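Written out below as structure tokens is the structure these notes cover.
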Amino acid sequence: MGTPHGLAEFATYLIGIGLVVPMLARLHDIFPIAAIMLLVIVLIPFPLWIAYLRGADSQWLEAVIVWHLIAIWSCSVVVFVAAGLIVVWQWAT
């Protein structure tokens, strides 16, 4: 299994999924293509994490995982703001 540092990063990845996926359900009603694209971005690195935690030692693999973590957190912020704007828009109209 991976190092404690790798497990902490994997936990961060799972938290990112936990933030993004529920908001995607709300976004899917309004912009289905955007929701599907964000879901793909979120789920792509899962096999990479499995390889990393099983002991694959590669700087390239670590770099890809870090960039996907950044993408997941960025997507979660964008989706959260979009969902908030949708709620405000529906409340106002």
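Coordinate-derived values only; no laboratory data. For clarity, every value in this text was computed on a predicted model and none was experimentally measured. Cβ placement follows ideal geometry from the backbone for every residue including glycine, while neighbour counts extend to all protein chains displayed.
Tabulated results
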quantity: In degrees, nearest ten, helix 32-43 long axis to first principal axis of the chain (Cα); calculated: 20
quantity: Mean separation of Cα contacts under 8 Å (6+ apart) over length of the chain, as relative contact order %; calculated: 41
quantity: Cβ-derived FRET efficiency at R0 30 Å, Val40 paired with Ala8, nearest 0.05; calculated: 0.75
quantity: Gained length - Thr93 relative to Ala63, 0.36 nm times residue gap less alpha-carbon distance; calculated: 6.3 nm
